[in-house]
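Student: The structure's right below; bear with me while I get my questions together.
The values are calculated or read from the model by the stated rules, or taken from the named source; none is laboratory data. All values derive from a computational prediction rather than experimental measurement. Here the Cβ positions follow ideal geometry from the backbone for every residue, glycine too, while neighbour counts run over all protein chains shown.
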Amino acid sequence: MDVIKIRKDFPVLGKKIDGRNIVYLDNACATLKPRRVIEAMNDYYENYPACGGRSVHRLSTRVSIACEEARNKVQRFINAPSEKEIVFTKNTTEGLNLVARGFGLKKGDAVITTDKEHNSNLVPWHMLREKCGVAHIIAKSLPDGTFDIEDFKKRMKDGRSKIKLASIYHTSNLDGYTLPAKDIIEIAHDAGAHVLLDAAQSVPHIPVDVKRLDADFIAFSGQKMCGPSGIGILYGKEELLETLEPFTVGGDSVASTTYEKSVLLGPPHRFEGGLQNYAGIIGLGAAVDYLSALGMDSIEKHEKTLNARLARTLSEIRHVSLIGPPDPALRGGITSFNIEGVAPHDIAMILDESANIMVRSGTLCAHSWFKARKINSCVRASFYFYNLEKDADALAGCIEKIVTDFCR
Ligand SMILES: Cc1ncc(COP(=O)(O)O)c(C=O)c1O
């Protein structure tokens, strides 16, 4: 990959703050946007800012066509069998909530997650437990953060016929670990459960093939894969989407209504009530084109190279402790860490103010994991394909300096 050339596609990478370029390492939160995505959205607003799917005039028709093209691009990107299986949502959170609310879980049923879930794959299950009496089982990770497949097998066996859904992260936002999704899905299916993958951190960084995985549902977000914010995707097998109950219904989601009743459209439109985020959908389509042209294999390889380089240096700095598997090859493009005695928010602010290095700090929307391990919070650096080796080195150099200045 020609990273120097790629970087020219990202307007913000050419800008300076305090006279210096930025070192953007907060990609697990939101990635930067290439010009092609920005232009696709501007093109919509400048040239055909109408609504899709309703009016028959040419501007509206153009919107409808562009949105269905974007749906097709997403379908091909994750190798979904049909475009009917691609539902546009607001973000990953909405996709996860849509399944939580609509899957028909009831008192006596159970859902299983892991102990490393993002709040978006935890809070919906808490609510379902409180409102409907759906039990929530938590599969344990091994001490190094990797998946404990034996524990999962045992819980699936013990909960057979009760566990209806396994809702599990694919790649962890905490430590970048990607779990063996295909094996997990097979175990869950053998036990009679369906699987919802929280793919917010996998689809942007590794090749994801829903047919190969045999995933029942996957949810992910545009803003983490060079796309706009406010747009996400829920993939669901067609036969499951047929029975999934929508929670936003109204205009555009129905074939017809009388005063007494409504006839819903088939998937995906029955889940897309109301005017949609057309610019977001069109921008997402452009982002998918961009990533497809680069190749997901190359993206994954590049991130792992940078992460290995950073890990090599960080592991030699005293007072620095890493979160997750020590082998960087198991952590994709993410390195989360702490410096003994220095608050993560302070580290993040020093990095930002002294070197324009932008990282995330805090509990990464996974308070439950931190509380259970009695760790207050951490710093997370996350790479994407436009990052350079010198970005990893700049971060390591600053961490070394912070340790020298603050740790005695
Ligand atoms: C693993 C994971 N799941 C879910 C989410 C929620 O994504 P969104 O805020 O786009 O809904 C995130 C966001 O950081 C995430 O990392």
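Student: Can you tell me which residues in the stretch 10-40 are part of a strand (DSSP E or B) and of a type in the set (S, T, Y)? Talk me through it step by step, then tell me what you get.
Tutor: Of the residues in the stretch 10-40, the ones part of a strand (DSSP E or B) are 16-17, 20-21, 23-24, 26.
Result: Y24, single match.
Student: Return a yes/no flag: does the stretch 184-193 have any residue that is in a strand (DSSP E or B) and either buried (at least 19 other Cβ atoms within 10 Å of the Cβ) or of a type in the set (K, R) (or both). If you could, list the steps in order and put the result at the bottom.
Tutor: Residues of the stretch 184-193 in a strand (DSSP E or B): none.
No, every residue in the stretch 184-193 fails to be in a strand (DSSP E or B) and either buried (at least 19 other Cβ atoms within 10 Å of the Cβ) or of a type in the set (K, R) (or both).
Student: OK, next. Within the stretch 300-309, can one find any residue that is crowded, with 20+ Cβ neighbours inside 10 Å, in contact with a strand residue (DSSP E or B) (Cβ under 9 Å, 6 or more places away or on another chain) and modelled with pLDDT of 95 or more? So that I can check it myself, show each step before the final result.
Tutor: Step one: of the stretch 300-309, the residues crowded, with 20+ Cβ neighbours inside 10 Å are 302-304, 306-307.
From what's left, in contact with a strand residue (DSSP E or B) (Cβ under 9 Å, 6 or more places away or on another chain): 303, 307.
So of that shortlist, the ones also modelled with pLDDT of 95 or more come out as 303, 307.
Among the residues of the stretch 300-309, at least one is crowded, with 20+ Cβ neighbours inside 10 Å, in contact with a strand residue (DSSP E or B) (Cβ under 9 Å, 6 or more places away or on another chain) and modelled with pLDDT of 95 or more, which makes the answer yes.
Student: Take H194 and decide whether it is under 22 Å from the mean Cα position of the chain (by Cα) and farther than 30 Å from K33 by Cβ.
Tutor: Working: under 22 Å from the mean Cα position of the chain (by Cα): yes; farther than 30 Å from K33 by Cβ: yes.
Yes: the conditions hold for H194.
Student: Could you figure out which of (1) part of a helix (DSSP H, G or I); (2) at pLDDT below 95; (3) among the small types (G, A, S) isn't true of S161?
Tutor: It fails just one condition, (1).
Student: Could I ask something else about it? On the basis of being among the small types (G, A, S), more than 23 Å from F271 (Cα to Cα), buried (at least 23 other Cβ atoms within 10 Å of the Cβ) and away from the ligand (no atom under 11 Å from the Cβ), does A181 make the cut?
Tutor: On the way: among the small types (G, A, S): yes; more than 23 Å from F271 (Cα to Cα): yes; buried (at least 23 other Cβ atoms within 10 Å of the Cβ): yes; away from the ligand (no atom under 11 Å from the Cβ): yes.
For A181, the condition - among the small types (G, A, S), more than 23 Å from F271 (Cα to Cα), buried (at least 23 other Cβ atoms within 10 Å of the Cβ) and away from the ligand (no atom under 11 Å from the Cβ) - is met.
To keep it simple, each residue is scored yes or no on (1) in a loop (DSSP other than H, G, I, E, B); (2) crowded, with 23+ Cβ neighbours inside 10 Å; (3) on the phi > 0 side of the Ramachandran plot; (4) among the acidic types (D, E).
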residue	(1), (2), (3), (4)
K73	no, no, no, no
V87	no, yes, no, no
L105	yes, no, no, no
V111	no, yes, no, no
M127	no, no, no, no
I138	no, no, no, no
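Student: What are the residue pairs meeting all of these: first residue in the stretch 196-207, first residue of a type in the set (G, A, S), second residue within 9 Å of the ligand (Cβ to nearest atom) and part of a loop (DSSP other than H, G, I, E, B), Cβ atoms under 6 Å, and 6 or more apart or on different chains?
Tutor: A199/H170; S202/H170
Student: If you don't mind, there's one more thing I want to ask. I need every pair where a residue in the stretch 108-121 that is more than 18 Å from D148 (Cβ to Cβ) and within 9 Å of the ligand (Cβ to nearest atom) has its Cβ under 9 Å from the Cβ of a residue that is in a strand (DSSP E or B) and modelled with pLDDT of 95 or more, sequence separation at least 6 or different chains.
Tutor: Listed pairs, sorted by first residue: H118/Y169; H118/D198; S120/D198; S120/A219.
Student: List every residue pair whose Cβ atoms lie under 6 Å apart, where the two residues are 6 or more positions apart in sequence or sit on different chains, the first residue falls within the stretch 354-378 and is within 25 Å of V23 (Cβ to Cβ), and the second residue, located anywhere, is aromatic (F, W, Y) and away from the ligand (no atom under 13 Å from the Cβ).
Tutor: Note: pairs meeting the criteria are M358/Y24; T363/F370.
Student: Regarding D216, is this residue of a type in the set (D, E), in contact with a helix residue (DSSP H, G or I) (Cβ under 8 Å, 6 or more places away or on another chain) and under 22 Å from F103 (Cα atoms)? Reasoning before the result, please.
Tutor: Details: of a type in the set (D, E): yes; in contact with a helix residue (DSSP H, G or I) (Cβ under 8 Å, 6 or more places away or on another chain): yes; under 22 Å from F103 (Cα atoms): yes.
Yes, satisfied.
Student: Let me ask something else. Would you check which residues across the stretch 113-125 are of a type in the set (A, V, I, L, M) and not in a loop (DSSP other than H, G, I, E, B) and list them?
Tutor: From the stretch 113-125, those of a type in the set (A, V, I, L, M) are 122-123; that's our starting set.
Matches in the stretch 113-125: V123 only.
Student: Could you tell me which residue of the stretch 232-258 is surrounded by the fewest Cβ atoms within 10 Å (Cβ to Cβ), considering only residues that are assigned to a strand (DSSP E or B) and hydroxyl-bearing (S, T, Y)?
Tutor: Let us first name the residues in the stretch 232-258 that are assigned to a strand (DSSP E or B), namely 232-236, 254-257.
If we keep only those that are hydroxyl-bearing (S, T, Y) as well, we get 235, 256-257.
Working: Y235: 26, S256: 9, T257: 11.
By that ranking, first place goes to S256.
Student: Looking at L197, L265, which is the one that is within 22 Å of N97 (Cβ to Cβ), among the hydrophobic types (A, V, I, L, M, F, W, C), modelled with pLDDT of 95 or more and within 16 Å of the ligand (Cβ to nearest atom)? Step through it out loud before you land on a result.
Tutor: Numbers: L265 fails: within 16 Å of the ligand (Cβ to nearest atom).
Exactly one of L197, L265 is within 22 Å of N97 (Cβ to Cβ), among the hydrophobic types (A, V, I, L, M, F, W, C), modelled with pLDDT of 95 or more and within 16 Å of the ligand (Cβ to nearest atom), namely L197.
Student: Report, by residue number, each residue of the stretch 140-158 that is charged (D, E, K, R) and not in a helix (DSSP H, G or I).
Tutor: So in the stretch 140-158, the residues charged (D, E, K, R) come out as 140, 144, 148, 150-151, 153-155, 157-158.
Within the stretch 140-158, K140, D144, D148 meet the criteria.
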